[in-house]
Amino acid sequence: MKLRGDAREIYKAIRKIILDKIKHEEAKKLLDDFAPTSNKEEILRRQEYLRKGMENVSEEVKEYIGKIRSIRFRRDYLHDRVLIVSEEEVEEAEKLGLCMVSTEPVEGYDFVLSTIGYGIEVELKPYDVAPELYVMPLWENRDVLEALAKLFPGGVAGKILEALEPLEEVMRKKEAIERIEEFIAEEERRLNEAIEEKLEKFKLTLSGRDLVEFLKALKSGDVDFLLSKFSSLNDEILDEIRKAEERISEKLGVYVEVFPREYPIEVSPDIVEGIRRELEREVKIELYLKSREIVEEILPLLPKLKEEIKRAYELEFFLAVKEFSRGFVFPRIEEGGIGFVEGRNLFIENPQPVSYFIGKAKDPFNGIQEANIVVLTGANSGGKTSLLELTLQVVILAHMGFPVPAKEAWIEPLDEVFFFKRKRAVYGAGAFENSLKALVRSLKGKGRKLILIDEFEAITEPGAAVKILAEMLRIAHEKGFYVIIVSHLGEDLKKELPFARVDGIEASGLDENLNLIVNRQPKFGVIGRSTPELIVERLAKKGRGEEKEILLRVLGRFRNGTKNEHT
Ligand SMILES: Nc1ncnc2c1ncn2[C@@H]1O[C@H](COP(=O)(O)OP(=O)(O)OP(=O)(O)O)[C@@H](O)[C@H]1O
């Protein structure tokens with residue numbers, strides 16, 4: 001279905017309301033598949049799809065959907081390994097583009113892979129040469145897998161999580177190695193403090209008798225005795241160092257000798273760096289080997305994982321549609337015009353529900369004049385424009401295959417929908433000419449059309465407007481188009497077009513806050529008065545001083561005028 005004139009704006013506004021309820025771009029994209037269509041079967045197919053989708057989705061999944069992200073697997077060039085192959089295999093190996101390829105052993109790599117017996121034996125397959133490229137993105141997105149496992153119990157995400165479990169230990173090591181400087185610095189400080197304390201104590205506990213013996217030994221040159229006095233201290237220091245190293249090793253998962261055996265204890269950055277590099281190398285190999293084991297289990301599950309992520313986005317989409325269309329109804333798709341019962345304008349907060357139809361008078365409109373051309377008249381600010389918009393909302397959503405904001409609705413599939421918004425009252429030839437052209441264009445050709453026009457007369461004088469509109473509406477009538485036109489010229493148009501129905505929205509007065517009391521529900525077949533006197537009255541009551549006087553005089557003219565009409 002084609003959207004003409006300002007109808008596209010309404011479509012965009014509806015889309016925005018729906019899209020604002022969706023977080024993920026991937027889920028937002030699903031709405032693109034719901035562009036309005038004139039194809040009845042397609043509309044029904046979409047209705048069925050949405051009906052089922054909304055039925056099966058519940059609020060509880062929201063929490064998990066929020067955690068879903070697409071998991072991207074990237075082909076990286078890995079600089080930590082070299083692949084040694086035979087001359088014949090070089091081309092194939094290089095094509096993999098995963099790491100350095102050589103026909104002979106080369107120095108400077110953390111580990112060596114080979115098809116010809118130099119290092120770790122591999123086949124020339126990407127998942128053999130670089131299994132981490134498959135495994136690591138999954139490991140890094142465990143939260144996504146966990147959310148998917150909750151959304152689809154028994155699915156592949158849960159299986160992948162299980163397969164990843166053996167990685168836990170090596171990943172813990174890897175993380176610890178990244179913090180090795182921090183661990184060592186902390187232990188170094190602790191050690192120095194502990195030793196300092198021991199030295200302090202040692203000095204304090206040297207008794208007078210010890211001192212006498214010490215001096216005696218010094219005199220006699222008894223070195224062994226002297227050293228024995230310090231050896232217990234030395235043992236204690238060594239013990240502290242060992243304990244500190246044990247604590248570090250526990251964190252790293254391998255034993256490392258970090259500290260020099262002398263006081264004060266100070267580890268040079270070079271040594272830390274050396275230890276780190278060595279540990280990293282070990283962990284890389286371990287990670288490679290573990291990944292290789294895991295990748296075999298995981299590879300066959302990846303296509304299904306992609307599907308699960310897609311389904312999660314679909315759930316998010318269904319959830320948004322469900323939220324958007326709470327209290328809505330799927331319209332019946334049938335011939336004979338457009339109608340809705342208790343329609344609620346999406347752009348108005350807490351709207352008064354309005355029922356309306358054009359074309360055939362189906363239940364509950366039985367007995368009301370049927371017409372393809374309807375003139376909507378009535379009170380200023382009564383809700384005429386809003387009713388045109390509501391009609392558009394219902395029509396557009398119905399053609400999207402969506403539920404519509406009403407209790408009941410039916411729609412004849414249309415080829416084109418035109419909406420001509422009220423243009424500012426500019427009497428310039430340009431505005432008039434353009435609007436006229438647009439209106440004429442809408443009447444051209446054939447097809448099932450709905451044309452909504454908001455106060456065309458605002459841009460020309462009423463006399464001319466009646467002539468133009470009467471003739472145009474007659475053409476629309478002859479062509480079987482549906483037209484709803486908002487106009488204050490109801491009386492004149494009714495005379496010219498007996499086949500048209502004129503409906504009216506009425507204001508019955510002002511409430512205590514001087515707001516217009518309007519029944520937004522049009523009365524069928526009744527010309528609605530535009531009640532400008534109520535606006536004058538409102539301003540008169542609100543006004544002050546001379547302004548008030550002027551307005552009261554104008555109001556008086558209305559009252560007298562009315563009296564005169566009756567007498
Ligand atoms: N069904 C409704 N429920 C509640 N408020 C409504 C409803 N329809 C319209 N309104 C409110 O009434 C006001 C006037 O609506 P609208 O512009 O549609 O009136 P109008 O008849 O086209 O006015 P005008 O004669 O000035 O062109 C708006 O603020 C709108 O939000």
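Using just the helices of the chain, give the 222 nm mean residue ellipticity in deg cm²/dmol: DSSP H runs with n ≥ 4 each add -39,500 (n - 2.57), and the total is spread over all residues, rounded to 500.
Theoretical 222 nm ellipticity from helices: -17000 deg cm²/dmol.
Please give the helix 167-178 orientation as an angle from the longest Cα principal axis of the chain, in degrees from 0 to 90, rounded to the nearest 10.
That works out to roughly 70 degrees.
Show me, bin by bin at 5 Å from 0, the whole-percent P(r) of the range 33-83 based on Cα pairs.
That works out to 4, 12, 12, 11, 11, 11, 11, 7, 5, 5, 6, 3, 0, in percent per bin.
Take the alpha-carbon positions of the range 211-341, form their convex hull, and give its projected area averaged over all directions (one quarter of the hull surface) in nm².
That works out to 20.6 nm², a quarter of the Cα hull's surface.
Rolling a 1.4 Å sphere over the protein heavy atoms, what is the accessible area per residue of the range 181-269, to the nearest Å²?
So the range 181-269 comes to 69 Å² accessible per residue, rounded to a whole number.
Can you sort H79, H24, H399 by 1.4 Å-probe accessible area, starting with the largest?
The ranking, largest first, comes out as H79, H24, H399.
Probe of 1.4 angstrom, ligands and nucleic acids ignored: what's the accessible area per residue over the range 427-519, in square angstrom?
46
Hand me the GluC sites (Glu not before Pro) from the range 66-131 located in a DSSP loop with no more than 12 other Cβ atoms within 10 Å, in residue order please.
The qualifying sites are E107, E123.
Working with all protein chains in place, sort D511, D503, D222 by solvent-accessible area computed with a 1.4 Å probe, largest first.
Most to least solvent-accessible, the answer reads D222, D511, D503.
Of the cross-linked pairs K16/K437; K384/K495; K12/K52; K444/K523; K384/K479; K437/K467, which ones have a Cα-Cα span greater than 27 Å in the structure shown?
Table pairs above 27 Å Cα-Cα are K16/K437; K444/K523.
Report, in degrees rounded to the nearest 10, the 0 to 90 angle that the Cα long axis of helix 7-19 makes with the longest principal axis of the chain.
30
May I ask for log10 I(q)/I(0) of the range 159-257 at q = 0.10, 0.18, 0.24, 0.25 Å⁻¹, from a Debye sum over the Cα atoms as equal point scatterers with solvent left out?
-0.49, -0.89, -1.18, -1.22
Convert each backbone phi in the range 207-214 into a coupling constant with the Karplus relation 6.51 cos²θ - 1.76 cosθ + 1.60 (shift: θ = phi - 60°), then list the ³J(HN,Hα) values in order as whole Hz, x for Gly and Pro.
In residue order, the calculated couplings are 7, x, 4, 4, 5, 4, 5, 4 Hz.
Where a ≥ b ≥ c are the square roots of the eigenvalues of the C-alpha gyration tensor, would you call the range 360-429 rounded, which needs a/c under 1.5, or, failing that, prolate if a/b is larger than b/c, or oblate?
prolate
Under 21 Å between alpha carbons, and skipping anything fewer than 8 positions from K306 in its own chain: which lysines qualify?
Those lysines meeting the cut-off are K23, K28, K29, K62, K67, K150, K159.
Run the 1.4 Å probe and let me know the accessible area of Y49, rounded to the nearest 10 Å².
Result for Y49: roughly 80 Å² accessible.
Taking the full set of protein chains and a 1.4 angstrom probe, give the accessible area of R441 in square angstrom, rounded to the nearest 10.
Here the accessible area works out near 140 Å².
Give me the percent of accessible area attributable to carbon and sulfur for the range 181-269, probe 1.4 angstrom.
Accessible surface attributable to carbon and sulfur in the range 181-269 totals 54 percent.
For the range 181-269, compute the number of Lys pairs whose alpha carbons are separated by less than 27 Å, excluding pairs fewer than 8 positions apart on the same chain.
Summing the qualifying lysine pairs gives 16.
Given N residues in the chain, what is its alpha carbon radius of gyration divided by 2.2 N^0.38 Å?
1.71
Would you tell me the accessible area of Y356, worked out with a 1.4 angstrom probe on the heavy atoms of the protein chains, in Å² to the nearest 10?
Surface open to solvent at Y356 totals about 0 Å².
Taking amide H positions as placed 1.01 Å from N in the peptide plane, with prolines and chain starts having none, which residues 5 or more places from E334, or on another chain, fall under 5 Å of its amide H?
Those qualifying (amide H under 5 Å, at least 5 residues apart or on another chain) are I411, E412.
The values are calculated or read from the model by the stated rules, or taken from the named source; none is laboratory data. Treat the numbers as computed from the prediction; the structure is a model and nothing was measured. Cβ sites come from the backbone with ideal geometry, for glycine too, and all protein chains shown count toward neighbours. Note: areas computed on protein heavy atoms with side chains; ligands, DNA, RNA excluded. Shrake-Rupley method; radii C 1.70, N 1.55, O 1.52, S 1.80 Å.
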